[in-house]
Each structure stands twice: as C-alpha cells, then as structure tokens.
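The values are calculated or read from the model by the stated rules, or taken from the named source; none is laboratory data. The shown structure was predicted, so the numbers you read here are calculated from the model rather than taken from an experiment. Ideal geometry is used to build each Cβ from the backbone, glycine not excepted, and the neighbour counts take in all protein chains shown. Ligands, DNA and RNA are stripped out before the accessible areas are found, and what is left, the full protein with its side chains, is counted by its heavy atoms. Shrake-Rupley method; radii C 1.70, N 1.55, O 1.52, S 1.80 Å.
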Amino acid sequence: MEYTFRRATAQDVDGIMEIIRDRIEWMDREGLHQWNKTNYMQRYPREYFLEGINRGEFYLAISPEQEVSGAIAMLTVDPRWENDELKDCYYLHHLAAKPQAKGAGRALLNFCEELSRKEGKECIRLDCQKGNDKLNDFYASMGYGFVGPMVEDDYEGIKREKTLKYDRNREERHLPVFGEF
C-alpha cells in the first residue's frame, strides 16, 4: 500500500493515542512483551504527545483513503544514548501502526530514513524491548544493527542504529510527503 506522510497536528493526538492503545491490545493478543508490560500509557500521557506534536516531532502515515494509519516521533536528542558516541542523527520513538495497516510501520521507517538522508544525518537510532524477538528481527531486517543494551526503570531494551548513506550529488530527493517541514 502507498502511504503519504505529514507532520502531526494537535488535532491528531487522540488518533495517535488510539493507534497506540490498539497496538498494546494487539501485543497482549500476540503474547509479545513491549509497551503492554511497561505502563506505557501512564509513562506517556496525552500531554506528552501534545508537547511532542507542538515541537514538530511526530509524523503520520496517511492511507490512500486519507486515514491516519501510523505514527512515529523523530527526536534530535535521547538521554538513553548520552553515554554512546555522539552522532548527527534522529532517535525514533513511538512507532505504531494500526494492526490492519499492512506495511505502515515499514513505510514510516523508510520515510524517516529518506528525510534523515535529505537532512544529511549520518544515522538513525532506536531501541526495542529486550526479548521481543519478532520486533528485533524486523529492525535487523531493516538494517538496524545492535549497539548495546539499555535499562530505564522497568524497561530493558536493545539499542539499534542504522548508518545512512547520503548521496551529495542528489540534493533534491523525492519524498512522498505533503505539508510544510
């Protein structure tokens, strides 16, 4: 499926929260250990998402039917990585897609990679719950290599990084995006 992408607005916050709640229920049904076991909704309340949206950090995948199918945050700093090598990169968080939105998660990652390349970033970083083999395998298949473990309160994660190749001869890249950045 083809998706387009745009920055989230304050009007999108309830839709983002609904996608996350749906994904948490899906994790329970699938027997996966991720957000459903870490008090995610208490740790990241509605106000957190509104603040991130207001800073321009959240992006949405929009289906051909103009429905919000997924969301992701692209941060420029992440305290979980402060002891690692400093790099010019984005830190991805809160990747969530409607369970029925096939390919939306992959499409959001591809969008983030293209936007990062366009901005000259050297890599993208993210983390994933330790023991969630299905999601870790997905990230590995997308080129996100293992960097190391991390612990934050009751969350034990694995840090992953993807190095980006930037083609300086192609300054103009086509991104399937609408809206202003």
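Once you keep just the Cα pairs under 8 angstrom separated by 6 or more residues, what percentage relative contact order results for segment 69-171? Could you put the intermediate results ahead of the total?
Values: 156 pairs, mean separation 25.9, N = 103.
Over segment 69-171, the number comes to 25 percent.
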Most fluctuating residue of ASP137, ASP84, ASP28 in a GNM of the chain with Cα springs under 10 Å: which is it? ASP84
About the Cα centre of the chain, how large is the charge dipole given +1 on each Lys and Arg Cβ and -1 on each Asp and Glu Cβ? Please answer in debye to the nearest 20. 380
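Taking only protein heavy atoms and a 1.4 Å probe, what accessible area per residue, in Å², does the chain have with all protein chains in place?
54
Determine the relative contact order of the chain: mean sequence separation of Cα pairs under 8 Å and six or more apart, normalised by residue count, in whole percent.
Numbers: 286 pairs, mean separation 41.7, N = 181.
So the answer I get is 23 percent.
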In segment 49-149, which GluC sites (Glu not before Pro) are in a loop and have at most 16 other Cβ atoms within 10 Å, using DSSP for the loop call? GLU65, GLU67, GLU82, GLU85, GLU119, GLU122
Once you place label points 7 Å from the Cα toward the Cβ at GLU85 and PHE138, how far apart are they in nm? 2.8
State the Cα centre-to-centre distance between segment 102-120 and segment 1-80 in whole Å. 15
Which longest uninterrupted range of the chain lacks any trypsin sites (Lys or Arg not before Pro) assigned by DSSP to a loop state (not H, G, I, E or B) and surrounded by at most 11 other Cβ atoms within 10 Å? 56-164
Can you classify segment 82-162 as rounded, prolate or oblate using the Cα gyration tensor, where a ≥ b ≥ c are the square roots of its eigenvalues, rounded means a/c under 1.5, and otherwise it's prolate if a/b beats b/c and oblate if not? oblate
1/(1 + (r/R0)^6) with r = Cβ-Cβ of GLU119 and PHE146, R0 = 25 Å, i.e. FRET efficiency to nearest 0.05, evaluates to 0.50
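How much length, in nm to one decimal, is gained on full extension between ASN39 and GLU67, taken as 0.36 nm per residue of separation minus their Cα-Cα distance? Walk me through the intermediate numbers first.
Values: separation 28, 0.36 × 28 = 10.08 nm, distance 2.75 nm.
The span from ASN39 to GLU67 would gain 7.3 nm if fully extended.
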